[in-house]
1. Considering only residues that are over 15 Å from D359 (Cα atoms) and more than 36 Å from the chain's Cα centre (by Cα), look in region 479-499 and name the one that is surrounded by the fewest Cβ atoms within 10 Å (Cβ to Cβ).
2. Among the residues of region 431-474, write down those that are among the small types (G, A, S), surrounded by 15 or more Cβ atoms within 10 Å (Cβ to Cβ) and more than 24 Å from N365 (Cα to Cα).
3. Being at pLDDT 95 or above, among the β-branched types (V, I, T) and not in a helix (DSSP H, G or I) is the requirement here; does V419 meet it?
4. Restricting attention to region 17-27, does a residue exist that is of a type in the set (F, W, Y), in contact (Cβ under 8 Å) with a residue 12 or more places away in the chain and part of a loop (DSSP other than H, G, I, E, B)?
5. Counting just the residues of region 77-103 that are touching a Cys at 6+ places or on another chain (Cβ under 8 Å) and modelled with pLDDT of 95 or more, which one comes out farthest from G67 (Cα to Cα)?
6. Considering only residues that are at positive phi and surrounded by fewer than 22 Cβ atoms within 10 Å (Cβ to Cβ), which ones fall in region 99-154?
7. Can you list residue pairs whose Cβ atoms sit under 9 Å apart, with the first residue in region 230-246 being outside the structural domain of R162 (by TED's automatic domain parsing) and the second being aromatic (F, W, Y) and part of a loop (DSSP other than H, G, I, E, B)? Count only pairs 6 or more apart in sequence or on different chains.
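The values are calculated or read from the model by the stated rules, or taken from the named source; none is laboratory data. Bear in mind that the values here come from a model prediction, so they are computed numbers and not experimental data. Reconstructed Cβ throughout: ideal geometry from the backbone, glycine too, with neighbour counts over all protein chains shown.
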Amino acid sequence: MEKILLLGDEAIAQGFIDAGGSAINSYPGTPSTQITEYVIKSKQARELGIRANWCANEKTALEASIGVAYAGKRAMTCMKHVGLNVCGDPFMNAAIIGTKGVLVVVADDPSMFSSQDEQDSRFYGHWAMIPMLEPSNQQEAYDMVHFGFELSEKLGTPVLYRIPTRLAHSRAGVVRKPVRKQNELTEPADAKSFVLLPANAKRLYRDLIDKQPAFTKASEESGYNKYMDGENKKLGIITTGIAYNYLMENFPGGKCPYPVVKITQYPLPYNMINKLYDEVDEILVLEDGQPYVEEQIKGFLGKGKKVMGRLDETIRRDGELNAEKVAKALGMNADTGLAVPEVVTNRPPALCQGCPHVDSYNALNAVMANHKGGKVFGDIGCYTLGFNMGAIQTTVCMGASITMAKGASEVGIFPAVAVIGDGTFGHSGMTGLLDCVNEKANVVVMILDNDITAMTGGQPSSANNKIRQICEGLGVAPEHIRDIIPLPKNHEENVKIIEEEVNYNGVSVIIPHRTCLVELKKHLKK
């Protein structure tokens, strides 16, 4: 088969197409976005009749994929790590009902390059008691999609497929497999398995527990976990996923002197780990993310030998792993000579020149200057960068701006203003606005509408051209849903409108609408 150059994200996407995938349902979130984008743009995917959808949020996306699995087809849902929190409900229950043919691809973001935290998705997979895959390179990323679907269908379980930022956004040559035909439309073998009434749920949960030995056996025997012998038994190394690459970068000849267990499939391969433990004096655990394996190992092996890693900060607990950190942990010379040239300067993120959010924030700042006790609660997206303009005081998670403003207003903060984007409003802002209406909260909600989900690259916004109708449907008084155009020439008028709504005792919605400048340039080029 042909060999093509692919990002890790693209390798997963091509693997999905070639492995007989029928539908991919996702919500954009860096560093996972390119997986679904690749399928959406793929001529091959269109010719095969593959459905590729951007959904309102991660929960609706995973639920749609569970629906695909109900019909006997193969489905994938992709998200970033914090998105797994959003779909936690269907994720946990998908494990209990024995969902077959579903891969949940989660891109973790060690070092928080574009995220609020360093959450490690392996803890979720362990909590759900399902198999997990963690490729170490782009070829494995492609191959493991095929393997993951086969594993899911064989064992009767969804599979969590975890990648970190560095694998998602680096390129390597990938050899493709023959294209597999999509599954035929079928009905579940157990008609009751998708009905989680207590009597069924108790039986199905017991089934999940009883499957655990089979999951571990598959992890030991699949060939994706490997034991590699080494001459120096003073130290044994356990690596996971891309951490194996960071280890081997320190040994150009390709031969590590220490015994190594390479883990790319979970549950942990206990036989290999026991073998390593018995042969070495100490163990070093290398993993990109939180100390998931290290915690497991210390509980499993608590027999006296020293286990080092992130917990004891042999490797600093926060931040992305790399070859230099591995070298330091091994006591090697970590000086790579790759110093940053003086000509390179820091370039902190900022709103684009001409961004409509700048004019929205300028008007809001002018109003808030007259209300010293007021607070502006921000949200996730480009408008988060309003913090650099002194325009927002908080950013916590998707949709939190509205609900935080509501909570603050109820205990005396005035004015309480929420700023949220059109994409985020469609993702998780609508329910918060409904709470505001039901409780008659004294809040102003500014929904900055730039026609797209901008920060992740311009995906369609689920609320596009529907914001006013949604707000009216949720019960906001039509006369207090105000449309403004964020332009410098409209500054005084926009300040007046915002001031009027701040002084209204109730729920107000202001919709500043102007297309994202970057997106507008794309259309002008076409």
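1. E479
2. G458, S461, S462, A463
3. Values: at pLDDT 95 or above: yes; among the β-branched types (V, I, T): yes; not in a helix (DSSP H, G or I): yes.
So V419 passes the test.
4. First, the residues of region 17-27 that are of a type in the set (F, W, Y): 27.
If we keep only those that are in contact (Cβ under 8 Å) with a residue 12 or more places away in the chain too, we end up with 27.
From the residues that got through so far, the ones that are part of a loop (DSSP other than H, G, I, E, B) too are 27.
Yes, region 17-27 contains at least one residue that is of a type in the set (F, W, Y), in contact (Cβ under 8 Å) with a residue 12 or more places away in the chain and part of a loop (DSSP other than H, G, I, E, B).
5. Ranking the qualifying residues of region 77-103, first place goes to M79.
6. S111, M112, M129, listed by residue number.
7. Cβ pairs passing all conditions: G230/Y258; E231/Y258; N232/Y258; K233/Y258; K234/Y258; L235/Y258; G236/Y258; I237/Y258.
Matching residues to (1) more than 18 Å from M332 (Cα to Cα); (2) in contact with a strand residue (DSSP E or B) (Cβ under 7 Å, 6 or more places away or on another chain); (3) surrounded by 12 or more Cβ atoms within 10 Å (Cβ to Cβ):
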position: Y205; (1), (2), (3): yes, no, yes
position: L208; (1), (2), (3): yes, no, yes
position: N225; (1), (2), (3): yes, yes, yes
position: D229; (1), (2), (3): yes, no, yes
position: N232; (1), (2), (3): no, no, yes
position: T240; (1), (2), (3): yes, yes, yes
position: Y244; (1), (2), (3): no, yes, yes
position: P252; (1), (2), (3): no, no, no
position: P259; (1), (2), (3): no, yes, yes
